[in-house]
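Taking it in order: structure first as structure tokens, then the write-up.
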Amino acid sequence: MLKTETETTIRWDAEDRTAYIWTNDPSTIRKMDKLVEEDPDNYCRLSVRAYREGEKHCTYSVPVKFITFRKQRQYTMSEEQKRAAADRLRNFREQNNSES
């Protein structure tokens, strides 16, 4: 399956405060299945359907409160912090090159 063919849809019911997640994206299915396994009280796989050889789509339910939207974080570093980070990266690269 091409990445352009994958899709994940989230819809929620305001009355019962449940979000429904439909996906055919293999990485999202793996993540959701892991959450279902680790926290079955909150995550539930409702259906699995195969639609092509080796491809499937799944539907999950989760509490609406687990769905969040966030803006991108803006990080600002002082010149001193930038130099320190550059030094750490340089040291890391030198150690890795000397071990090869």
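Each value in this text was obtained by applying a stated rule to the coordinates, not by laboratory testing. Keep in mind it's a predicted model, so treat the numbers as computed, not measured. Glycine gets a Cβ as well: all are built from the backbone with ideal geometry, and neighbour counts include every protein chain shown.
Structure summary
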quantity: Hits in the stretch 45-72 - residues which are of a type outside the set (D, E, K, R) and part of a loop (DSSP other than H, G, I, E, B); calculated: GLY54, ILE67, THR68, PHE69, GLN72
quantity: Count of residues meeting criterion [without any contact (Cβ under 8 Å) to a residue 40 or more places away in the chain, in contact with a Lys or Arg (Cβ under 7 Å, 6 or more places away or on another chain) and either under 12 Å from ALA19 (Cβ atoms) or not small (Gly, Ala, Ser) (or both)] in the stretch 40-72; calculated: 5
quantity: Which listed residue, of GLU15, GLU94, GLU37, GLU80, is in a loop (DSSP other than H, G, I, E, B), free of Cβ contacts under 8 Å to residues at least 40 places away in the same chain and loosely packed, with under 11 Cβ neighbours inside 10 Å; calculated: GLU15
quantity: Sole exception among (1) in a loop (DSSP other than H, G, I, E, B); (2) surrounded by fewer than 13 Cβ atoms within 10 Å (Cβ to Cβ) for ASN42, by number; calculated: (2)
